[in-house]
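Working notes, structure below.
Quick note: the coordinates plus some simple rules give every number you see, no bench work behind them. Quick caveat: nothing in here was measured; it's all calculated off a predicted structure. Cβ sites come from the backbone with ideal geometry, for glycine too, and all protein chains shown count toward neighbours.
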Amino acid sequence: MKFKKQKDVRKKIALERIDLLLKMAKAKAKGGPEDLKLSKRYVQLVERIRKRFNIRRTDEMKRAYCKQCCAYWVPGQTLKARFDKKNKLKLYICQSCGKVYKYPYK
Ligand SMILES: [Zn+2]
């Protein structure tokens, strides 16, 4: 039981770090090429922490950055959002690597 508690604490710290890194990535995402590189680096760190601690991507995280190229999404800049009304899908197109994400909407 003691072990489990320790693990929970570590996971909590990991989540706090992820939160902080995403904020830093967001702050850099609107800057120049050097800032964008840093922004990607922060997201890469988020992914590393997430995998290590087996943390699932929250809805918020799913809409925050590209899983494939680690670009932080700024709507209209690094992200294009489109609606597929026929299939009731919201399409997120990463402008950095071109990957298309599909999310259902109501
Ligand atoms: Zn991408």
Item to check | Which of 73, 25, 103, positive extreme of dipole for the chain (C-beta unit charges) | outcome: 103
Checklist entry - What is the extension gain from residue 84 to residue 10, computed as 0.36 nm multiplied by their sequence separation minus the C-alpha to C-alpha distance, in nm to one decimal? => result 22.6 nm
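Past 28 Å, Cα to Cα, is the threshold; run 23/86; 23/80; 7/90 against it and keep the listed order.
Values: 23/86 35 Å; 23/80 21 Å; 7/90 37 Å.
Those over the limit are 23/86; 7/90.
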Item to check | Label-point separation in nm, residue 106 to residue 91, each point 7 Å along Cα→Cβ | outcome: 2.5 nm
Item to check | In degrees, nearest ten, helix 2-28 long axis to first principal axis of the chain (Cα) | outcome: 30 degrees
Checklist outcome for this item: Restricting to lysines and to Cα separations under 20 Å from residue 85, and discarding same-chain partners fewer than 8 apart, the set is 99, 102, 106
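Can you tell me what share of the DSSP beta bridges in the chain is antiparallel? A percent to the nearest 5 is fine.
About 90 percent, rounded to the nearest 5.
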